[in-house]
Amino acid sequence: MDSIHIVGGQRLEGQIPISGAKNSALALLPCALLTNEKLTLANLPRLADVDNFSHLLNGLGASTKVDGVKPGEIGRRMTLQAKDLASTVAPYDMVRKMRASILVLGPMLARAGEATVSLPGGCAIGDRPIDLHLRALEAMGAEIELAAGYVKATAPKGRLPGGDYSFPVVSVGATENALMAAVLAKGKTQLFNAAREPEIVDLCNLLVAMGGRIDGIGSSHLIIRGVEGLHGCEYEVMPDRIEAGSYACAVGITGGSIELVGARPHDMLAITNALAAAGLIVEFSGKGIRVTADKPLRPLAISTAPYPGFPTDMQAQFMAMMCLAQGESFLEETIFENRYMHVPELRRMGASIDVRGRSAIVHGVAGLTGAKVMATDLRASMSLVLAGLAAEGETEVLRVYHLDRGYERLEEKLSAVGANIERRGS
């Protein structure tokens, strides 16, 4: 099994191109199931999760073709087409690899009037039930059955009538599934307290480009008026704000200056505000965002929250950075109840962190020491890489398949800006 080896202590200088957003790509891919025409997605990141989702779509009857990359493009161009659905069943062996697989439920139900999907897998970061997905679909007229680890959804008359649903708590995935189901409903659907993440906006913009009718994009009140059918189009995946934030933390923990080429400032205000509060210099430009660290890190108090709050997907990376801040930092995780699994590994490297339920106090230390550490989930694995970049000596990060799910060409990008990092096979 591969591992990442890092010799810490190198300042980072230069440019890092930001890839297409993983969290957006995984919501855009299933839109291919909503039409029999071709859907081409540009700036699609080269990630294990994207490949796994493509294989899932192949099993449902969609063809996928990776096009040649045009000059100046990063990522891939993939053309998908589901002329006919070969199956409306997404089995366990296809779905178990990642939680985002549940996002085929809404589009299959909308197009075929039925869908059977295995309960999903993914990162082990706590209980993440799909009840909100199912309640939203029921509000639109779907009949739901749960049996033997599968969800079966049917539209009684072959097509959902549409309806209103108010989410009791904000859910990105449930909002995405509801949107894809609603665009082909007979009537109007209203979603209240819907997620507002930039990735939701990206999905709405694609659905509109395919002929969908959606009002309130970017707000928590989405109004979807169902249409008879959608057409194909070409669409570019938004840049990954979590990848950009992760590399910004790399600058913070090592020192130096990096331009995050392609990063969109307006998607990242909670992240950039936190970076600035920690003492980093954050500059916006036409190319993206430049982050410079030329002074000691200041401690922070951060509580994760749905967008536009501080993203849970950045909590682990900021924790790693705060290990070297001058003072005590306070972190509160409000989204997932088991997202501190990286703490024991950071402690192995010399971090001083106390966890109390969903809160963590990070006591800044003078330095970290390289060690062999084990990644437990995608963002936790990135926090260990960040710690390794700053640690004295060599760090070996095991289970890097977690990293491959969400960070495209990680070693290549970090090496290009001065990091001493490489992947080694077992």
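The values are calculated or read from the model by the stated rules, or taken from the named source; none is laboratory data. These numbers were taken from a predicted model, which means no experiment stands behind them. For neighbour counting, all protein chains shown are included, and Cβ atoms are generated from backbone atoms with ideal geometry for every residue, glycine included.
Numerical summary
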quantity	calculated
Residue that is farthest from Tyr92 (Cα to Cα) [pool: residues in region 60-76 that are under 22 Å from the mean Cα position of the chain (by Cα) and modelled with pLDDT under 80]	Glu73
Selected residue [at negative phi, surrounded by fewer than 24 Cβ atoms within 10 Å (Cβ to Cβ) and touching a Leu at 6+ places or on another chain (Cβ under 9 Å)] from Gly226, Gly245, Gly211	Gly226
Wholly enclosed strands (runs of 3 or more DSSP E) of region 256-296 bearing at least 2 residues surrounded by 17 or more Cβ atoms within 10 Å (Cβ to Cβ), within 24 Å of the chain's Cα centre (by Cα) and of a type outside the set (S, T, N, Q)	256-261, 288-293
Qualifying residues in region 165-182 (those that are outside any helix (DSSP H, G or I) and among the polar types (S, T, N, Q)) - the one surrounded by the fewest Cβ atoms within 10 Å (Cβ to Cβ)	Ser166
Residue within region 329-341 that is among the basic types (Lys, Arg), buried (at least 23 other Cβ atoms within 10 Å of the Cβ) and under 24 Å from the mean Cα position of the chain (by Cα) present	yes
Qualifying residue in region 278-289 (condition: among the small types (Gly, Ala, Ser) and closer than 26 Å to Thr369 by Cα)	yes
All positions within region 399-426 that are of a type in the set (A, V, I, L, M) and at pLDDT below 95	Val400, Leu403
Output for region 390-406, where each listed residue is farther than 22 Å from Thr312 by Cα and surrounded by fewer than 21 Cβ atoms within 10 Å (Cβ to Cβ)	Glu392, Gly393, Glu394, Glu396, Leu398
Residue within region 5-19 that is surrounded by fewer than 18 Cβ atoms within 10 Å (Cβ to Cβ) and either among the hydrophobic types (A, V, I, L, M, F, W, C) or farther than 30 Å from Glu396 by Cβ (or both) present	yes
Enumerated strands (runs of 3 or more DSSP E) restricted to region 15-124, each holding at least 1 residues that are in contact (Cβ under 8 Å) with a residue 40 or more places away in the chain, in contact with a Lys or Arg (Cβ under 7 Å, 6 or more places away or on another chain) and within 21 Å of Met382 (Cα to Cα)	39-44
Members of region 335-381 found to be at positive phi and polar (S, T, N, Q), listed by number	none
Criterion (touching a strand residue (DSSP E or B) at 6+ places or on another chain (Cβ under 9 Å), in a loop (DSSP other than H, G, I, E, B) and more than 28 Å from Pro17 (Cβ to Cβ)) met by exactly one of Phe330, Phe336	Phe336
Filter result (within 14 Å of the chain's Cα centre (by Cα) and among the polar types (S, T, N, Q)) within region 301-316	Thr312, Gln315
Any hit, region 364-371, residues being hydroxyl-bearing (Ser, Thr, Tyr), surrounded by 15 or more Cβ atoms within 10 Å (Cβ to Cβ) and in contact with a helix residue (DSSP H, G or I) (Cβ under 8 Å, 6 or more places away or on another chain)	no
Condition check for Pro161: more than 29 Å from Leu403 (Cβ to Cβ), in a loop (DSSP other than H, G, I, E, B) and modelled with pLDDT of 95 or more	yes
Given (1) within 21 Å of Gly8 (Cα to Cα); (2) buried (at least 23 other Cβ atoms within 10 Å of the Cβ); (3) at pLDDT below 95, number of the condition Ala387 does not satisfy	(3)
Candidate set: region 367-399, residues that are outside any strand (DSSP E or B) and free of Cβ contacts under 8 Å to residues at least 40 places away in the same chain; chosen: the one nearest to the chain's Cα centre (by Cα)	Ser381
Unique match (being without any contact (Cβ under 8 Å) to a residue 40 or more places away in the chain, in a loop (DSSP other than H, G, I, E, B) and crowded, with 20+ Cβ neighbours inside 10 Å) among Ala194, Ala185	Ala194
